[in-house]
Amino acid sequence: MDKKDVLILGIESSCDETAASVVRNGREILSDIIASQADFHEQYGGVVPELASRMHVDAIYPCIDSALKEAGVALEDIDAVAVTYGPGLVGALLVGLSAAKGLCLASGKPLVGVNHLHGHICANYLCFPELEPEFLCLCVSGGNTQIVHVKSYRDLEILGKTRDDAAGEAIDKIARVIGLGYPGGPKMDKAGQIGDIHAYEFPRNHMGDTLDFSFSGIKTAALNLINQSRQKDEEINISDFAASYQHHIANILVEHTVKASERTGIRQICLAGGVSANSFLRKAFDEASLKHDLKLYYPKLRLCTDNAAMIASAGYYEYIGGRRDELSLNASPSLKLQRQYA
């Protein structure tokens, strides 16, 4: 191995995925281990925080051991340990953070705290070796929806964000109401594949001259439509409803991102976060790219959802940028993306 290579061990446990990964130079995945709890939480219709934390405790060290073995390295070969410290479920975050601190304390390796949202953006670097800032990134998930101007690997500026519900939350909520269950996003996507995108209409919230989003009104309109149909004993066509609803949300996300591109003059557009795997969103962006001459980057589907490779990639750029965290670093469940990483 070249002496100039930097190996980062990434650890992720912000929600219901326990993950560990070794990444070389922020771009090359040497191992990517994920222990998912999705099947377990499906019986409850969503993630149960306390149970998620307990399952993280059981899975965290086996995931780390597997990541090191798969990468063919030992802990002493690692340059730093990068770990998600927010945002996320506080109990779940603490499990990964505690494991990372223990490794750093035992090995003397530096600890690098990573913002989970920064990690999602960096998933694109793992898929596209040629990608470099600056670019715009639509970071869209169950908890966040925002357009980020990625000025450099560590300098991030939020140009627009949701003022209420995230797009992913709006999709997950309706998935539960129409009986698709958890995880809502993938099940809505699948259900809508054979549906008519024009079968149902939803309102569009206007946010003035800003790039901000609002999805609470759209979600409420969908709930009212469902309730009114049930009161009239009318059947909702699940496939048509799922297709129309996702198509509507995707168009809003694309329109705002295109507007951001026009305002900044930046034509490189990345997607990030769990909803970036949504086929309706990708199709809408594909169409917009042809119309507006945009260069699009989509992470591989596995890297759209929570994983530790993206955390290791973000950790690499933080590490070479000089970030080192004390072992007193605490979980920050409501952590926001900062304009300037310091």
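The figures follow:
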| quantity | calculated |
| --- | --- |
| Qualifying lysines (Cα of each under 28 Å from Cα of LYS69; at least 8 residues distant if same chain) | LYS3, LYS4, LYS101, LYS109, LYS300 |
| Sparse-neighbourhood loop sites, trypsin sites (Lys or Arg not before Pro) in segment 1-54 - DSSP loop, at most 15 other Cβ within 10 angstrom | LYS3, LYS4, ARG27 |
| Residue-averaged [θ]222 nm for the chain, counting only DSSP H segments that reach four residues, each worth -39500 (n - 2.57) | -14000 deg cm²/dmol |
| Under Karplus coefficients 6.51, -1.76 and 1.60, residue-wise ³J(HN,Hα) of segment 135-150 in Hz, glycine/proline x | 7, 9, 10, 8, 9, 9, 8, x, x, 9, 9, 7, 9, 10, 8, 8 |
| Residue-by-residue Karplus 3J(HN,Hα) for segment 215-225, coefficients 6.51, -1.76, 1.60, Hz, glycine and proline x | 10, 5, x, 5, 5, 5, 4, 5, 4, 5, 4 |
| Residue-by-residue Karplus 3J(HN,Hα) for segment 277-293, coefficients 6.51, -1.76, 1.60, Hz, glycine and proline x | 7, 5, 5, 5, 5, 5, 5, 5, 6, 4, 5, 5, 5, 5, 6, 10, 6 |
| Nearest-0.05 FRET efficiency for ASN205 and LYS232, computed from C-beta distance (R0 35 Å) | 0.85 |
| For THR162, residues with placed amide H under 5 Å, excluding near neighbours | THR145, PHE213 |
| Taking the chain and dividing mean pair separation by its residue count, relative contact order in percent (alpha carbons under 8 Å, at least six apart) | 26 |
| Trypsin sites (Lys or Arg not before Pro) restricted to DSSP loop in segment 135-170 with at most 15 other C-beta within 10 Å | LYS151, ARG163 |
| Helix 309-320 axis, angle to the chain major axis (alpha carbon atoms, nearest 10°) | 50 |
| Estimated dipole of the chain in Debye, rounded to 20 [Cβ of Lys and Arg +1, of Asp and Glu -1, Cα centre] | 520 |
| Max mean-square fluctuation residue, GNM over the chain, Cα-Cα springs under 10 Å, options ALA284, ALA243, ALA199 | ALA199 |
| Computed label-point distance, nm, for sites ASN25 and LYS4 using a 7 Å Cα→Cβ extension | 0.7 |
| Considering only the chain, percent of DSSP beta bridges that pair antiparallel, nearest 5 | 60 |
| 0 to 90° range, to nearest 10: angle between helix 238-264 axis and the chain longest Cα axis | 60 |
| Over segment 133-299, relative contact order from alpha-carbon pairs under 8 Å, at least 6 apart, % | 27 |
| Fluctuation leader among ILE171, ILE226, ILE121 - the chain, Gaussian network, Cα springs under 10 angstrom | ILE226 |
| Choice from ASN251, ASN124, ASN237 showing the highest fluctuation, given a GNM over the chain with Cα pairs closer than 10 Å | ASN237 |
| Size of charge dipole - segment 133-299 - debye, nearest 20, with Cβ of Lys, Arg +1 and Asp, Glu -1, no other charges | 300 |
| Between segment 124-169 and segment 288-342, the alpha-carbon center distance in angstrom | 8 |
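Taken together, the values in this text are just the output of simple stated rules run on the coordinates, not laboratory data. Please read all numbers here as calculations on a predicted model, not as lab measurements. Note that we place each Cβ from the backbone using ideal geometry, even for glycine, and neighbour counts take in every protein chain shown.
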